[in-house]
Amino acid sequence: MQLVDGFGRAARKLRLSVTDRCNFRCDFCMPLHPVWMPHSEILTYEEIARVVKILVSMGVSKIRLSGGEPLMRRDIERGVKMIREVPGVESISITTNGYFLAEKAEALKRAGLDSVTVSLHSLKPERFEEIVGRKDVFSKVLAGLEKARDVGLQPVKINCVVTKGCNDDEILDFVELGRQSGMVIRFIEYMPFDGRHMWSTEKLVSGKEIIAKIEERYRLERLPREAGSTSVAYRFADGSKGMVNVITSMTEPFCGDCDRIRLSADGKIVPCLFSRDEYDVKKLLRGGGSDEEIADFIRRAFAKKFAGVETMIKTGRVQPLIRPMHTIGG
Ligand code: SAM
Ligand code: SF4
């Protein structure tokens with residue numbers, strides 16, 4: 001039976017957080033003093049694969065691994081392989097900070113990973129390292145990107161969180177990178193999931209502003225939006241390779257046909273990123289629950305999925321810090 005929420009939206013994509021830990025300290029994500037989930041609470045790969053199998057039986061087919069930093073999880077390639085072996089899984093991708101990608105890309109590809117998105121918020125090494133709170137990491141991230149392309153992960157995308165006064169002067173530089181390399185550049189609006197309570201509307205650069213900036217130099221063609229997609233895609237009217245995506249979660253969210261469900265590293269079903277609701281499926285997993293009982297639990301949890309962030313934004317009632325981003329993975 002399909003997994004459908006109270007508004008008739010069916011789940012097709014799973015955002016799977018495999019760890020809350022991270023070697024970076026991005027200022028828009030990580031609290032200054034993070035409190036990590038105890039290791040004993042983190043789902044094993046066997047538990048994850050079981051939940052994936054149950055979700056697939058209810059219509060979910062696209063899996064994105066996230067974190068924290070997913071490549072920090074030990075033997076992540078084993079996790080990928082176990083998910084790949086679940087019949088009905090159509091695609092597996094990872095969102096990563098890229099630091100361990102050069103050393104892991106080959107094994108991940110062999111394990112069945114299809115594509116990768118690397119977060120890169122500045123093309124200036126010093127600025128990048130200031131944003132992510134770590135020194136000597138920029139060149140490793142670039143090497144990771146290159147390796148991902150070499151081993152044939154496809155597509156390779158870049159996630160860039162744009163914040164006013166920090167990196168919004170680099171929008172066109174990222175566009176040039178996309179045009180030269182053929183990579184998809186995804187500009188993300190800053191969301192209020194920052195562990196340091198830094199978010200404010202003044203720091204938000206809207207998708208509209210981002211597109212206007214790019215159109216000062218290039219004509220863009222907006223592509224029809226894929227159902228369920230979080231982003232709007234544009235190609236270059238002059239036929240250049242590369243693409244631009246904007247993720248307008250704050251100014252133009254697409255909650256109406258949202259098709260995502262989330263599973264946190266410690267086994268909570270999170271129907272919506274913007275809601276505080278979470279439902280602990282681990283109790284059943286570790287307490288001898290049958291597949292049917294687990295499916296039923298997930299179905300009941302998902303049925304309560306929040307309508308969406310649209311109303312919250314229109315009424316100006318954005319709740320800051322619903323949860324720090326590293327605990328759920330975006
Ligand atoms: N560590 C990995 C990474 O950074 O790519 C995966 C986890 S991270 C939480 C997932 C995505 O969320 C990244 O692209 C990151 O840049 C983005 N992100 C983190 N905090 C954000 C925020 N406050 N607003 C918008 N995007 C954010
Ligand atoms: Fe780590 Fe990703 Fe959060 Fe940065 S955005 S601190 S890399 S989890």
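The values are calculated or read from the model by the stated rules, or taken from the named source; none is laboratory data. Quick caveat, the model's predicted, so the values are computed rather than measured. Quick reminder, even Gly has a Cβ in these numbers, built from the backbone with ideal geometry, and neighbours come from all protein chains shown. Protein only, heavy atoms only, side chains kept; ligands, DNA and RNA dropped before computing areas. Shrake-Rupley method; radii C 1.70, N 1.55, O 1.52, S 1.80 Å.
Here's the list of lysines a cross-link from K282 could span, going by alpha-carbon distance under 25 Å and ignoring same-chain residues fewer than 8 apart: K13, K53, K62, K81, K268, K304, K305. Rounded to whole numbers, the Karplus 3J(HN,Hα) couplings from phi for the stretch 48-62 are 4, 4, 5, 5, 4, 4, 5, 5, 4, 5, 10, x, 7, 9, 10 Hz, using 6.51 cos²θ - 1.76 cosθ + 1.60 with θ = phi - 60°, and x at Gly and Pro.
Working from Cα pairs under 8 Å separated by at least six residues, relative contact order for the chain is 23 percent. Between E221 and D238, the modelled labels are 1.6 nm apart [label points 7 Å from Cα along Cα→Cβ]. Positive-end ranking of Y218, T117, P87 along the dipole of the chain, with charges on Cβ about the Cα centre, is headed by P87. In the chain, the DSSP-assigned H stretches of four residues or longer account for a calculated mean residue ellipticity at 222 nm of -8500 deg cm²/dmol, using -39500 (n - 2.57) per stretch and the full residue count as denominator. Summing charges over neighbours of W36, with a neighbour being any other residue whose Cβ is under 12 Å away from its Cβ, gives -2 when K and R count +1 and D and E count -1.
With the other protein chains left in place, how much accessible area per residue, in square angstrom, belongs to the stretch 1-113 at a 1.4 angstrom probe? Let's see the in-between values first.
Values: 4780 Å² over 113 residues.
Result: 42 Å² per residue.
When you filter the GluC sites (Glu not before Pro) in the stretch 60-106 for DSSP loop state and at most 16 other Cβ atoms inside 10 Å of their Cβ, you are left with E85, E90. Here is the list for the stretch 114-219: trypsin sites (Lys or Arg not before Pro) lying in DSSP coil, each with at most 12 other C-beta atoms within 10 angstrom of its C-beta, are K135, R217, R219. Residues whose amide H comes within less than 5 Å of that of L220, counting only those at least five positions distant or on another chain, are A237 (H built at 1.01 Å from N in the peptide plane). Share of carbon and sulfur in the accessible area of the stretch 13-327 stands at 51%, probe radius 1.4 Å.
Taking the chain as a whole, the Cys residues whose C-beta sits 4.7 Å or farther from every other Cys C-beta are C22, C160, C166, C255, C258, C272.
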